[in-house]
1. Which one of these is at pLDDT 75 or above, crowded, with 16+ Cβ neighbours inside 10 Å and not β-branched (Val, Ile, Thr): Leu139, Leu103?
2. Give me the residue from the range 5-55 that is basic (Lys, Arg) and at pLDDT 70 or above and, out of that set, surrounded by the fewest Cβ atoms within 10 Å (Cβ to Cβ).
3. Confirm whether Glu133 is in contact with a Lys or Arg (Cβ under 7 Å, 6 or more places away or on another chain), on the phi < 0 side of the Ramachandran plot and either modelled with pLDDT under 90 or charged (D, E, K, R) (or both).
4. Could you grab the pairs with beta carbons closer than 6 Å, sequence gap of 6+ or different chains, first residue in the range 65-85 and within 11 Å of Leu42 (Cα to Cα) and in contact (Cβ under 8 Å) with a residue 24 or more places away in the chain, second one surrounded by fewer than 22 Cβ atoms within 10 Å (Cβ to Cβ) and among the basic types (Lys, Arg)?
5. Could you tell me whether the range 83-97 includes any residue that is in a helix (DSSP H, G or I), at pLDDT 90 or above and out of contact with any Phe, Trp or Tyr (no Cβ under 8 Å at 6 or more places or on another chain)?
Amino acid sequence: MPHAVRHASTASDLHPSGTPGQPLPLLSLAVETERAERTNTLVGGAARSLLAAIGAPAPLARKLGDVAAVAAHYLVGHSQQSRYQLWIHTDQAGITLTVTDYLEQAGGGPPAWLPVSRTGQLHTPAPDPPDGENGQLDLHRTPDGHIRLAHRIPWPEPATPHPVP
């Protein structure tokens, strides 16, 4: 099944809070696709386009698009599930980007996500911050094998205007 992403809008270089009096767009959005070769490009493009559409600065949209593509590439190579999702969640503090093969089931609670060490071992989640808050792309698995890669990034600080002499 071929995939294409078209993006006709340009990314804004404005601070994400927009103009004074205009609130930051808060959203939680999921994009689902089949687990197939090169869908990582589709997921990266979707992340860039969605972030540009809400007014994220162009460098931030590009960086998170790249993060989404890398996470999707890992998931395509390591998951046994047929589909996966890109999640983008924004709040007043920043953006959380997640790529996972866990598709929420009706009536089921959230899975127990456990951090994965560099050697591939599951361990208790005590020392590491959740959802990529440490500036890295964090890998988690459930005991039954689902995969989640997450990255959290704060909104950039607004530029301080310089006085004109």
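1. On the way: Leu103 fails: crowded, with 16+ Cβ neighbours inside 10 Å.
Step by step, each of Leu139, Leu103 is checked, and only Leu139 is at pLDDT 75 or above, crowded, with 16+ Cβ neighbours inside 10 Å and not β-branched (Val, Ile, Thr).
2. First, pick out the residues of the range 5-55 that are basic (Lys, Arg): 6, 35, 38, 48.
Right, trim to at pLDDT 70 or above and you get 35, 38, 48.
Numbers: Arg35: 17, Arg38: 11, Arg48: 24.
Among them, the one singled out is Arg38.
3. Working: in contact with a Lys or Arg (Cβ under 7 Å, 6 or more places away or on another chain): yes; on the phi < 0 side of the Ramachandran plot: yes; either modelled with pLDDT under 90 or charged (D, E, K, R) (or both): yes.
It is true that Glu133 is in contact with a Lys or Arg (Cβ under 7 Å, 6 or more places away or on another chain), on the phi < 0 side of the Ramachandran plot and either modelled with pLDDT under 90 or charged (D, E, K, R) (or both).
4. none
5. Narrowing the range 83-97 to residues in a helix (DSSP H, G or I): none.
Checked the range 83-97: no residue is in a helix (DSSP H, G or I), at pLDDT 90 or above and out of contact with any Phe, Trp or Tyr (no Cβ under 8 Å at 6 or more places or on another chain).
The values are calculated or read from the model by the stated rules, or taken from the named source; none is laboratory data. Owing to the predicted nature of the structure, the values given are computational and were not obtained by experimental measurement. FYI the Cβ positions are ideal-geometry reconstructions off the backbone, even for glycines, and counts take in every protein chain you see.
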